[in-house]
Amino acid sequence: MGQRPLKTEATPEVSDEELQRVIADFLALGHVDNIVAMMRQEPRYLAWTGRLLEDERFAVRIGVSVLFEYLAALCPQHLPLAVPGLVGQLAHPVDWVRGEAASVLGIIATEEALAALPPLLHDPAPQVVEIVRDILDLPAHG
């Protein structure tokens, strides 16, 4: 008797947008450890960080900061993958997106990440200016 070939079912393809929503939802629920493991396994997802900061849920944005604090300790060599997307958000029309992007760049703290921040010292939003002054260790006025 001949053997029947094993029937395999195709794994459904997950779009990048859907995966980004899942990451944001996990961060919103406080499941940062799951996302840490995911980012360590697949560092290219760090390029999506700037887009994640556009989420209106505060818990997602806090989750991104917590995520980067963990990743800075566990695998700092991967963090530069997030820099281009974060730098792009420094010109975002919404001030809290600019501020969050600056904060995460401050956590990354590479020369490239920090070099993107000085133009925000002239940002129209005082909170963004304060964030950047804190990161760059500049006095509050001056």
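Taking the criterion of being touching a Phe, Trp or Tyr at 6+ places or on another chain (Cβ under 9 Å) and either at pLDDT below 95 or aliphatic (A, V, I, L, M) (or both), the residues of segment 89-142 that qualify are VAL104, ILE107, ILE108, ALA125, VAL128. Here GLU100 meets each of (1) of a type in the set (Asp, Glu); (2) under 23 Å from VAL22 (Cβ atoms); (3) without any contact (Cβ under 8 Å) to a residue 24 or more places away in the chain with one exception, condition (3). Within segment 129-137, one or more residues are of a type in the set (A, V, I, L, M, F, W, C) and touching a Pro at 6+ places or on another chain (Cβ under 9 Å).
Looking only at segment 38-59, count every residue that is under 10 Å from the mean Cα position of the chain (by Cα) and assigned to a helix (DSSP H, G or I) and tell me the total. Residues in segment 38-59 being under 10 Å from the mean Cα position of the chain (by Cα) and assigned to a helix (DSSP H, G or I): 8 in total.
Evaluated against (1) surrounded by 20 or more Cβ atoms within 10 Å (Cβ to Cβ); (2) in contact with a His (Cβ under 9 Å, 6 or more places away or on another chain), VAL129 falls short on exactly one condition, (1).
The values are calculated or read from the model by the stated rules, or taken from the named source; none is laboratory data. Just so you know, these numbers come straight off a predicted model, no measurement behind them. A quick note on method: Cβ atoms are made from the backbone with ideal geometry, for glycine too, and the neighbour counts reach across all protein chains shown.
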